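Notes to accompany the following structure.
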Amino acid sequence: MQSLCSISAPGSANDERLDGLVRLLGRYFDATAVLIWGAGEVQHICASHELSDAQLGKVGEACATTLSWPLQAREGATLGTLYLLNAQPRELDAEEREALQDFANLAHDLLVREADEARQRQEIAALQASERRMALAIAGSGTGIWDRNIATGEIHYSSSWKALLGYAEHEIGNRIEESYTRVHPADLDYVKATIQAHLDQRTAAYEVEHRLRCRDGQYKWVCSRGKVVERDKHGKPLRMIGTTTDITAMRRLSEQVQQTAALMTDLTNEIPGMVFQYRRQPGGESSFTYVSAGAQAICGLSAMQLMDDAQALTAIVHPDDRMAFIDSFELSAKELTPWHLEFRIQVAGRDITWCLGEARPRREEGGGVIWHGVMTDVTERKQIEAELQAFATTDFLTQLANRRHFMHQLEAELARLRRNPEQSAAILMFDLDYFKAINDRWGHNVGDQALRHFAAILSSQLRKTDTAGRLGGEEFAVVLSEANLDKAMHFATRIQNQLTRTPIEHAGEQIYLAVSVGISSLNASDASVEAALSRSDIALYCAKRGGRNRIEHH
């Protein structure tokens, strides 16, 4: 037997009965009777007379002078053990054994009752502890409990419910009619209708947010929840229990969040352009998670359309810009560099719009990328830039390239030839014949008309890869890409023929124009474009000296 860790003296009526039973057993058998029960570190002992430490240590040891009688529970566990400590070895006769069995049965019943009472005490203590914790939790949560007798119209409130509204225990009545007087008038019908829906079993529970008047006259926002817990056999509700929780701070925070969201929406909607949040998932799926109202003005699509289908924007990007648009986002996502792109949007029924898109990417935890940015309409700026570019590169009178821009294009052509020496190009110099006589006879306005007329004919014969420019006065130049001297000669002949067929009409007269042309090849070996131009200029001088309206090459 294990040593006893503690010995409990009788402390209850049941303990006293066990002690008396053991003493009676000892007298009956003229021996020291001992009852030991309990488990774990705490065991209990009753003896018919006081035991010495030496005797107590030998209880349970197998010897001829000690008789033991285990007390078994129904499930097989041992409740305890009865011992008889005799002075001499002893054997019980049948009558004594029957008597010992009776004593054992009594002890068994008392121990069972003791175990039941101990279990009840533990359950009650646990329930009380749970109730205390619940009470503390409810007190600290701003929640009160109410219990309504639907049949009588009575409603009872917990102390925490009353304290929730600032009332003392005696300051709240228990009639449902009075409770409705504390509900904000604007919420009363809604509250009653919600309760009735639950009483009629149209909802599984009652839950509503509304305002209640406090003792000081101020209103608090609360959330009331409840449920019918008892009905009669016809389903008529009898009793309803519920809670009321103070949600004033939560409502205030919610209103602040809504106000902030509304403010941000107003701000983004007032910003010229389209403010957006764009997200790309690791798998490549993308979507606009926020788009401001400016989307309609920028791209002719509503914010909802773009948030429903992000590809709707890609679809209206100008075909010439679409790949750059897609690739720019790919690069920004890969390197997490700011997205910056100017591109055109083409919507049916609207002029082409130039957009400037700018956004900053951020890698998300899941591996996706999110951009916050803005798209603005820069069409007017692009038009101004185009006008400035035209002003800087175009001859105002003829709308051909001016001398500076033509020279720039000529240098670009020479650079191309140096990269591809096997290719060719030709330079043509044109000079209108007898132009001074036209000015002198018909005036400078007709002279300007003659220059514009010749420039129009020249432009009509150019390919996209060719460039024509006015070098000054009545002198023009053309660079023909991918052309040899023969092609250049044919080009010059077409110009002369066109001039012959289309005279200028002025004051009922037809004014015929003539032009002298000098041609040279542009070679990869040329040290500079001036060298090639010089050869063309020499050829032009020869054409002039040879009688005008001629074509010469050098």
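The values are calculated or read from the model by the stated rules, or taken from the named source; none is laboratory data. Just so it is clear, the model here is predicted, and its values are computed rather than measured. Because the Cβ atoms are built from the backbone with ideal geometry, glycine has one as well, and the counts that use them run over all protein chains shown. Just so you know, the surface numbers come from the protein's heavy atoms only, side chains and all, with ligands and any DNA or RNA stripped out. Shrake-Rupley method; radii C 1.70, N 1.55, O 1.52, S 1.80 Å.
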Taking only protein heavy atoms into account and a 1.4 Å probe, give the accessible area per residue of segment 286-405 in Å². 57
Listed values (i) 67; (ii) 23; (iii) 17, entry calculated as percent of Cα pairs over 43 Å apart: (i)
Along the Cα-to-C-beta direction of ARG23, a point sits 7 Å from the Cα; which residues of segment 80-112 have their amide N less than 12 Å from that point? none
Using only the heavy atoms of the protein chains and a 1.4 Å probe, how would MET407, MET429, MET264 rank by accessible area, largest first? MET264, MET407, MET429
In nanometres, the difference between 0.36 nm per residue of separation and the alpha-carbon distance of ARG202 and ALA115 is 26.5 nm
Helical mean residue ellipticity (222 nm; -39500 (n - 2.57) per DSSP H run of 4+; nearest 500) of the chain: -14500 deg cm²/dmol
Using a 7 Å offset from the Cα along the Cα-to-Cβ direction at both PHE396 and ALA507, what is the distance between the two label points in nm, to one decimal? 2.6
Tell me which residues come under 5 Å, amide H to amide H, from ASP433 once H is placed; ignore anything under 5 positions away on its chain. ALA514, VAL515, SER516
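Could you sort TYR512, TYR180, TYR219 by their accessible area in this structure, using a 1.4 Å probe and putting the largest first? Kindly include the intermediate steps, with their values, before the conclusion.
Working: TYR512 130, TYR180 50, TYR219 90 Å².
These residues rank, largest area first, as TYR512, TYR219, TYR180.
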How large is the charge dipole for the chain, taken about the Cα centre, if only the Cβ atoms of Lys, Arg (+1) and Asp, Glu (-1) carry charge, to the nearest 20 debye? 2200
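What is the sum of charges around GLU422, taking Lys and Arg as +1, Asp and Glu as -1, for the other residues whose C-beta is under 14 Å from the C-beta of GLU422? Walk me through the numbers on the way to the answer.
Working: positive: ARG416, ARG418, ARG419; negative: GLU482.
After counting each charged neighbour, the total is +2.
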Residue separation times 0.36 nm, minus the C-alpha to C-alpha distance between SER52 and LYS236: what's the value? 59.2 nm
Do you know the relative contact order of the chain, to the nearest whole percent, from alpha carbon pairs under 8 angstrom that are 6+ apart? 7
Modelling each spin label as a point 7 Å along the Cα-to-Cβ direction, I'd like the VAL257/MET323 distance in nm, to one decimal. 4.7
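Going by the alpha-carbon gyration tensor, a ≥ b ≥ c the square roots of its eigenvalues, is segment 309-357 rounded (a/c under 1.5) or, if a/c is not under 1.5, prolate (a/b greater than b/c) versus oblate?
Numbers: a/c = 2.57, a/b = 1.94, b/c = 1.32.
Prolate.
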So how long is each side of segment 157-210 along the principal axes, counting just the alpha-carbon atoms, biggest first, in Å? 36, 23, 19
For segment 220-312, what number results from the quotient of the Cα radius of gyration and 2.2 N^0.38 Å? 1.90
For 319-328, 495-504, ranked highest to lowest by mean beta-carbon neighbours within 10 Å, the order is 495-504, 319-328
Which order do TYR278, TYR541 take when ranked by solvent-accessible area (1.4 Å probe, heavy atoms of all protein chains), largest first? TYR541, TYR278
Percent of Cα-Cα distances greater than 19 Å, calculated over segment 464-554: 44
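Of the listed peptides 79-88, 170-179, what is their order by residue-averaged count of other C-beta atoms within 10 Å, with the highest listed first? Mind dumping the intermediate values first?
Working: 79-88: 18.2, 170-179: 12.9.
Listed from highest to lowest mean packing, they are 79-88, 170-179.
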Return the aspartates and glutamates within reach of LYS487: Cα separation strictly under 14 angstrom, same-chain partners fewer than 8 residues apart disregarded; answer none if there are no such residues. ASP466, GLU552
Calculate what fraction, in whole %, of the accessible area of segment 227-341 sits on carbon and sulfur atoms when a 1.4 Å probe is rolled over the protein chains. 58
Among ILE495, THR152, ILE511, which residue has its Cα furthest toward the positive end of the charge dipole of the chain, with +1 on Lys/Arg Cβ and -1 on Asp/Glu Cβ? ILE511
